[in-house]
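The block underneath contains the structure these notes are about, expressed in structure tokens.
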Amino acid sequence: MVAAPRELRVSSYALEVDGRLRAEFATKDGAKAGGAELKKRFPMLQIRIYDAQTNAREEI
């Protein structure tokens, strides 16, 4: 069974954890804060911020 991909709003940001979209945020600052907290708790995870408008990813 394969899960359907999550649809993001055009102007939102998401946390990508180990290649999978996990949490959606309305602002980039919110996504950075959430990603930094997650990275502090679990430093071994690969965490990126995904910008739905530009389809760009930023490493944390």
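Each value in this text was obtained by applying a stated rule to the coordinates, not by laboratory testing. Quantities reported herein were computed from a predicted structural model and do not represent experimental measurements. Please note: Cβ atoms are built from the backbone with ideal geometry, for glycine as well, and neighbour counts cover all protein chains shown.
Given the Cα-Cα distance of K32 and A52 and 0.36 nm per residue of separation, how much length would full extension add, in nm?
Length difference between fully extended and current span is 5.7 nm.
Among residues other than L15 with Cβ under 9 Å from its Cβ, the summed charge is 0 (Lys and Arg +1, Asp and Glu -1).
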